[in-house]
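The values are calculated or read from the model by the stated rules, or taken from the named source; none is laboratory data. Since the structure is predicted, the reported quantities are computational estimates derived from the model, not experimental observations. Quick reminder, even Gly has a Cβ in these numbers, built from the backbone with ideal geometry, and neighbours come from all protein chains shown. The area values use the complete protein model at the heavy-atom level, side chains included, leaving out ligands, DNA and RNA. Shrake-Rupley method; radii C 1.70, N 1.55, O 1.52, S 1.80 Å.
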Amino acid sequence: MLDSTVPSIRSRARRLVGARIPVVVLAVLTAAAMVGPLFAPDSGSQDLRNARAGPLSPGHLLGTDGYGRDMLARTLEGARISIFVGVASVALCLLIGGTLGITAGYWKGRIDAGIMRVMDMVLAFPTLILALAIAAFLGPSLRNVVVAISFSTLPHYARLARATTMSITQRDFVSSSALLGAPHRHILWRHIAPNTVSPLLTYALLAIGMAIIVEASLSFLGLGVQPPTPSWGSMIAEGRPHLQGAPHVALVPGAFLFMVILSLNLLADSLRSGAPAAGLGR
Amino acid sequence: MQRVVQLVVVLGGVSLLTFLILNLLPGDPGLAVLGDNAPPEALEAFRSQHGLDRALHVRYFDWVSGAVTGDLGTSFRTDQPVLETILDRVPVSLQIVVFAQILALLISVPAAIACVWKPRSWLERTINTSAFATISVPNFLAAYVLILIFAVHLGWLPATGFSRLSNGVVENLRSIALPTVTLALSQFGIYTRVLRSDMVDTLEQDYVTTAYGKGLTNRRILVRHVLRGSLLSLVTVVGVNMGVLLGGAVITETIFAIPGIGRLMIEGIAQRDLMVVQGVVLLAATAYVVLNLIVDVLYTALDPRIELGGQRRA
């Protein structure tokens, strides 16, 4: 922190809250989701005598659901689904959308017009509606959820990559490289692509949160991962009839979803406002 | 005029994409509607009745030319015209969406003004934190918590169901109270943050300094000058959100069993009623595109420096 404006202790403290806490929360959750199933009770084993047990009951830290299945184990398994869908769909979008956007922004003209008109068409649909339509007719499965989410959010990445590419192409180092006779391939790989990474990744943080919410929405509506595999969305839906009497069945996955989205939003917010996030942005 | 041509082109693309997604994918709608054990003759009859035996492009042009004249085909299940079914649901969704927007704006605008009026106060911090938190609350969670408090514990409001206006105003309002608040809550955070950040920018403009120099009161400046000069982004976001929600607040309508557009789409999907889903998706996208156009036009009304199709004049 050698800036001319030395941040006050208070604003530093706020930055820590803004960046480090969400990083810790997300890291802990990811780790728990990965190793949790090794320790927690089997997420599939039913025990109808012990159904709807409240949190902190013996053997079940977060209680059990309507079939007596352990909530903690199911929530952690749901976390795996959420993380996978969030990361996979965003990675797919970064790859395809980034390529499309860079292509459009670099070659301009007809290629640009062609690609962006198709993107505008996709953009004309509300995201959830389009994802629903695709998921519904592809059939419910993990892979199809990723496809549906990727397809309906693709234009955002393409637009961002295109705008960034267009502004970089006009910079001096690119035109001098072109004047020196560098082939297009060299300019695209060495100059354009690396410079689109940073804005795309910042957007990706927000986009992971969005993808996780769309995944939860799809599985809430029965169009996502199929039971008995737990996903936060379907767990929340299954908790609906238990709201009276055993609200934790719905609120536990709901709270986890909230925590993840809040952390991602905080992280994206602190990156956007230029404050260096702990361990990131370097 | 140019905008209208553009609109027609986009809508053409939208209809094509809708049709392709829903028709190219595997699965025989006849099989889905009549059941797996349907005799071949019945399937054949179903296909010819709904024109499914024709070539894809013939079906598309038939559907689109019908859509232009207000005919979206008939439902596979009920044999009712799809447009009629949709129009039956529109007022329900519209009421909730419009009420939710009004409620969200009624809270957000004063909240944003308060943030600018008393910066770095406990009030600003409270508003900021709650705005940030509500943005991150998924709709289902907000809906469940509201149901728990107001329906299960307090018993003041019904947890689900919809009562039409014809059954009495009070019953109608009681039935839409929780879904309206659920939707408003998710908008409140966005609107407050957008308006506040724009107002902070506007405060630095010369004309605001001039207004202070003229000795106008703080309140007058904030409302007359700063608020008015900061509405552009808010209008955009509200417009886009309206567009999204008109296509159906799918989750909220599902949780509260509200028979709106979003519910219709889910029912259509569950019953594999291709024509209904196709109609709803087309309508949702159309509403979204048209609202975006309206926002663009509103821009010129709010800020005379912006010309349609051009850049902001210096």
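Surface calculation, 1.4 Å probe, protein heavy atoms: B:VAL181 sits at approximately 50 Å² accessible. Spin-label pair B:GLU84-A:PHE173: with each label point 7 Å from Cα along the Cα-Cβ axis, the two points sit 6.7 nm from one another. Between chain B and chain A, the total buried accessible area stands at approximately 3600 Å², from heavy atoms with a 1.4 Å probe. Taking the longest Cα principal axis of chain B as reference, the axis of helix B:82-117 is set at about 20 degrees. What the Cβ-Cβ distance of B:ASN128 and B:SER233 gives, at R0 = 22 Å and to the nearest 0.05, is a FRET efficiency of 0.80.
Taken about its Cα centre, the protein assembly as shown carries a charge dipole of about 2260 debye when Lys and Arg each add +1 at the Cβ and Asp and Glu each add -1 at the Cβ. The H on the amide N of B:ALA249, modeled in the peptide plane, is under 5 Å from the matching H of B:GLY262, each at least 5 residues off or on a different chain.
Once the convex hull of all Cα atoms in segment B:2-68 is built, its volume per residue stands at 83 Å³. When the alpha carbon coordinates of segment B:82-302 are projected onto the principal axes, the ranges are 65, 43, 32 Å, largest first. Here the accessible area is traced with a 1.4 Å probe on the protein chains. For segment B:59-173, carbon and sulfur cover 68 percent of it.
Overall shape: oblate for segment B:152-193, with the ratio a/c of the largest to smallest alpha carbon gyration tensor axis at 1.5 or above and b/c at least equal to a/b. Calculate the FRET efficiency for A:ARG190 and A:ARG110 from the Cβ-Cβ distance with a Förster distance of 25 Å, rounded to the nearest 0.05. In this case the efficiency is close to 0.45.
Under the simplified labelling scheme, the B:GLN49-A:ALA255 pair shows an inter-label distance of 5.2 nm, with each label point 7 Å from Cα along Cα→Cβ. Residues whose amide H lies under 5 Å from that of B:THR74, counting only those 5 or more places away or on a different chain, are B:VAL82; hydrogens are built 1.01 Å from N in the peptide plane.
Exposed loop sites, defined as GluC sites (Glu not before Pro) outside DSSP H, G, I, E and B with at most 15 other Cβ atoms within 10 Å, are absent from the longest region of chain B, namely B:1-203.
Counting only other chain Cβ atoms within 10 Å of each residue's Cβ, the peptide B:140-150 averages 5.
Taking amide H positions as modeled 1.01 Å from N, with prolines and chain starts lacking one, the residues under 5 Å from A:SER57 and 5 or more places away or on another chain are A:GLY63. Counting Cβ atoms of other protein chains within 10 Å of each Cβ in A:129-141 and taking the mean gives 6. In terms of the Cα gyration tensor, with a ≥ b ≥ c the square roots of its eigenvalues, is segment B:37-153 rounded because a/c is under 1.5, prolate because a/b exceeds b/c, or oblate? Here segment B:37-153 falls in the prolate category. In the protein assembly as shown, the inverse of the mean reciprocal separation of distinct Cα atoms equals 26.4 Å; this is its Kirkwood hydrodynamic radius.
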